[in-house]
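A short write-up of the structure that comes next.
The values are calculated or read from the model by the stated rules, or taken from the named source; none is laboratory data. Here the structure is a predicted model, which means the values were calculated and not measured. Heads up, the Cβs are rebuilt from the backbone with ideal geometry, glycines too, and the neighbour counts pull from every protein chain shown. Quick note on the areas: whole protein, heavy atoms, side chains included, nothing else; ligands and nucleic acids left out. Shrake-Rupley method; radii C 1.70, N 1.55, O 1.52, S 1.80 Å.
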Amino acid sequence: MTLTVGDKFPEGVKFSYVAYTPATADIKACGIPIPLDFDKEFSDKTVVIVSIPGAFTPTCTANHIPPFVEKFAALKSKGVDAVIVLSANDPFVQSAFGKALGVTDENFIFASDPAATFSKSAGLSLDLPPAFGTRTARYAIIVSKGVVKYVEKDSEGVSGSGVDAVLAAL
(Lines give C-alpha, C1' and ligand atoms only; values in the text may rest on other atoms or scores of the structure.)
Protein backbone atom coordinates (compact mmCIF):
# COMPACT_ATOMS: atom_id res chain seq x y z
CA MET A 1 0.00 0.00 0.00
CA THR A 2 1.18 3.50 -0.79
CA LEU A 3 -0.16 6.17 1.50
CA THR A 4 -1.89 8.95 -0.46
CA VAL A 5 -3.75 12.19 0.21
CA GLY A 6 -7.28 11.52 1.42
CA ASP A 7 -6.42 8.16 2.99
CA LYS A 8 -7.32 7.45 6.57
CA PHE A 9 -4.05 7.23 8.50
CA PRO A 10 -3.45 3.55 9.29
CA GLU A 11 -4.65 2.34 12.67
CA GLY A 12 -2.30 0.74 15.15
CA VAL A 13 0.81 2.74 14.21
CA LYS A 14 3.26 2.80 17.08
CA PHE A 15 6.68 4.38 17.25
CA SER A 16 9.19 4.51 20.08
CA TYR A 17 10.86 7.58 21.54
CA VAL A 18 12.66 9.00 24.54
CA ALA A 19 10.71 11.97 25.88
CA TYR A 20 12.77 15.07 26.53
CA THR A 21 13.04 16.03 30.19
CA PRO A 22 15.33 18.55 31.87
CA ALA A 23 16.88 15.65 33.82
CA THR A 24 18.01 14.02 30.57
CA ALA A 25 18.88 17.24 28.69
CA ASP A 26 22.57 16.40 28.39
CA ILE A 27 23.31 14.60 25.13
CA LYS A 28 25.13 11.89 27.12
CA ALA A 29 22.12 11.26 29.37
CA CYS A 30 19.86 8.38 28.45
CA GLY A 31 16.16 8.21 29.04
CA ILE A 32 13.90 5.21 28.82
CA PRO A 33 12.17 4.61 25.46
CA ILE A 34 8.40 4.69 25.61
CA PRO A 35 5.78 3.84 23.00
CA LEU A 36 4.19 6.57 20.92
CA ASP A 37 0.72 5.31 20.05
CA PHE A 38 -0.41 7.43 17.10
CA ASP A 39 -4.10 6.53 17.53
CA LYS A 40 -4.13 7.43 21.22
CA GLU A 41 -2.02 10.57 21.02
CA PHE A 42 -2.98 12.19 17.72
CA SER A 43 -6.38 10.98 16.47
CA ASP A 44 -7.94 14.43 16.90
CA LYS A 45 -4.86 16.55 16.15
CA THR A 46 -2.85 17.86 13.23
CA VAL A 47 0.60 16.28 13.06
CA VAL A 48 3.52 16.63 10.69
CA ILE A 49 5.62 13.50 10.31
CA VAL A 50 8.94 14.34 8.72
CA SER A 51 11.09 11.35 7.97
CA ILE A 52 14.83 11.12 7.46
CA PRO A 53 17.09 8.26 6.28
CA GLY A 54 19.28 8.73 9.34
CA ALA A 55 20.05 11.01 12.25
CA PHE A 56 23.35 12.87 12.06
CA THR A 57 23.62 12.36 8.30
CA PRO A 58 24.75 15.36 6.21
CA THR A 59 21.52 16.42 4.48
CA CYS A 60 19.27 15.61 7.43
CA THR A 61 21.45 17.50 9.90
CA ALA A 62 22.38 20.48 7.75
CA ASN A 63 19.38 21.08 5.48
CA HIS A 64 16.30 19.10 6.41
CA ILE A 65 15.48 19.16 10.12
CA PRO A 66 16.98 22.49 11.33
CA PRO A 67 14.45 24.51 9.27
CA PHE A 68 11.62 22.58 10.98
CA VAL A 69 13.13 23.53 14.34
CA GLU A 70 13.52 27.17 13.26
CA LYS A 71 9.96 27.38 11.88
CA PHE A 72 8.20 25.35 14.57
CA ALA A 73 6.28 28.43 15.74
CA ALA A 74 5.10 29.06 12.15
CA LEU A 75 3.91 25.44 11.91
CA LYS A 76 2.04 25.79 15.20
CA SER A 77 0.46 29.04 14.03
CA LYS A 78 -0.98 27.10 11.07
CA GLY A 79 -2.61 24.56 13.40
CA VAL A 80 0.10 21.91 13.80
CA ASP A 81 -0.07 20.30 17.22
CA ALA A 82 3.09 18.21 16.92
CA VAL A 83 6.05 17.46 14.68
CA ILE A 84 7.44 13.93 14.67
CA VAL A 85 10.91 13.44 13.20
CA LEU A 86 10.98 9.79 12.19
CA SER A 87 13.91 7.54 11.37
CA ALA A 88 14.78 3.86 11.50
CA ASN A 89 17.49 4.78 14.01
CA ASP A 90 16.90 3.52 17.52
CA PRO A 91 15.15 5.84 20.02
CA PHE A 92 18.43 6.64 21.82
CA VAL A 93 20.02 7.96 18.62
CA GLN A 94 16.86 9.89 17.78
CA SER A 95 16.86 11.41 21.27
CA ALA A 96 20.50 12.48 20.94
CA PHE A 97 19.74 13.97 17.52
CA GLY A 98 16.95 16.10 18.98
CA LYS A 99 19.21 17.24 21.82
CA ALA A 100 22.02 18.07 19.39
CA LEU A 101 19.57 20.27 17.47
CA GLY A 102 18.49 22.02 20.69
CA VAL A 103 14.89 20.78 20.72
CA THR A 104 13.21 20.85 24.13
CA ASP A 105 9.51 21.18 23.23
CA GLU A 106 7.47 18.08 24.15
CA ASN A 107 5.48 18.49 20.93
CA PHE A 108 8.58 18.16 18.75
CA ILE A 109 9.25 14.43 18.99
CA PHE A 110 12.21 12.45 17.65
CA ALA A 111 10.79 8.95 17.18
CA SER A 112 12.01 5.61 15.91
CA ASP A 113 10.37 3.53 13.19
CA PRO A 114 12.27 0.29 13.93
CA ALA A 115 13.31 -1.54 10.75
CA ALA A 116 11.29 1.12 8.86
CA THR A 117 8.18 -0.98 9.53
CA PHE A 118 5.65 1.83 9.16
CA SER A 119 7.54 3.43 6.27
CA LYS A 120 7.63 0.14 4.35
CA SER A 121 3.91 -0.42 4.91
CA ALA A 122 3.18 3.11 3.64
CA GLY A 123 5.38 2.75 0.54
CA LEU A 124 7.86 5.25 1.95
CA SER A 125 10.99 3.23 2.69
CA LEU A 126 14.43 3.39 1.17
CA ASP A 127 16.57 0.36 0.37
CA LEU A 128 20.24 1.10 0.88
CA PRO A 129 23.31 -1.13 0.51
CA PRO A 130 23.31 -4.12 2.91
CA ALA A 131 25.51 -2.36 5.46
CA PHE A 132 22.70 0.17 6.01
CA GLY A 133 19.64 -1.98 5.27
CA THR A 134 16.13 -0.63 4.82
CA ARG A 135 15.63 2.90 6.07
CA THR A 136 12.89 5.44 6.25
CA ALA A 137 12.96 7.58 3.13
CA ARG A 138 13.04 11.37 3.19
CA TYR A 139 9.35 12.28 3.28
CA ALA A 140 6.74 14.44 4.97
CA ILE A 141 3.14 13.63 5.87
CA ILE A 142 0.50 15.94 7.29
CA VAL A 143 -2.19 14.06 9.20
CA SER A 144 -5.21 16.00 10.39
CA LYS A 145 -7.82 14.29 12.56
CA GLY A 146 -6.77 10.90 11.22
CA VAL A 147 -6.77 11.82 7.52
CA VAL A 148 -3.69 12.24 5.32
CA LYS A 149 -3.74 15.81 3.98
CA TYR A 150 -0.26 15.82 2.42
CA VAL A 151 2.37 13.23 1.60
CA GLU A 152 5.52 13.82 -0.37
CA LYS A 153 8.61 11.62 -0.74
CA ASP A 154 11.85 13.10 -2.06
CA SER A 155 14.13 11.07 -4.28
CA GLU A 156 16.90 13.69 -4.12
CA GLY A 157 17.47 16.67 -1.88
CA VAL A 158 14.86 18.31 0.28
CA SER A 159 11.95 19.74 -1.64
CA GLY A 160 8.57 18.12 -1.01
CA SER A 161 9.58 16.98 2.46
CA GLY A 162 11.04 20.34 3.49
CA VAL A 163 9.45 22.77 5.91
CA ASP A 164 8.55 25.33 3.23
CA ALA A 165 6.59 22.76 1.23
CA VAL A 166 4.84 21.58 4.41
CA LEU A 167 3.98 25.15 5.41
CA ALA A 168 2.58 25.81 1.94
CA ALA A 169 0.39 22.69 2.22
CA LEU A 170 -1.13 23.68 5.57
Only one of (1) outside any loop (DSSP other than H, G, I, E, B); (2) open to solvent by 50 Å² or more (accessible area, probe 1.4 Å) does not apply to F56, and that is (1)
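Checking the conditions here, which among G123, G79, G146 is within 19 Å of D37 (Cβ to Cβ) and in contact with a Ser or Thr (Cβ under 6 Å, 6 or more places away or on another chain)?
Details: G123 fails: within 19 Å of D37 (Cβ to Cβ); G79 fails: within 19 Å of D37 (Cβ to Cβ).
On inspection, the qualifying residue turns out to be G146.
The rows are residues; the columns are (1) touching a strand residue (DSSP E or B) at 6+ places or on another chain (Cβ under 9 Å); (2) assigned to a loop (DSSP other than H, G, I, E, B); (3) among the β-branched types (V, I, T); (4) without any contact (Cβ under 8 Å) to a residue 40 or more places away in the chain.
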{"position": "S119", "(1), (2), (3), (4)": "yes, no, no, no"}
{"position": "A140", "(1), (2), (3), (4)": "yes, no, no, no"}
{"position": "V143", "(1), (2), (3), (4)": "yes, no, yes, no"}
{"position": "E152", "(1), (2), (3), (4)": "yes, no, no, yes"}
{"position": "G157", "(1), (2), (3), (4)": "yes, yes, no, no"}
Selection from segment 54-64 of residues of a type outside the set (F, W, Y) and either touching a strand residue (DSSP E or B) at 6+ places or on another chain (Cβ under 6 Å) or modelled with pLDDT under 95 (or both) yields G54, A55, T57, P58, T59, C60, T61, A62, N63
Original post:
Going by the structure shown, is E106 among the charged types (D, E, K, R), more than 14 Å from the chain's Cα centre (by Cα) and surrounded by fewer than 16 Cβ atoms within 10 Å (Cβ to Cβ)?
Top reply: no
Quick one: would you say S87 is polar (S, T, N, Q) and open to solvent by less than 10 Å² (accessible area, probe 1.4 Å)?
-> yes
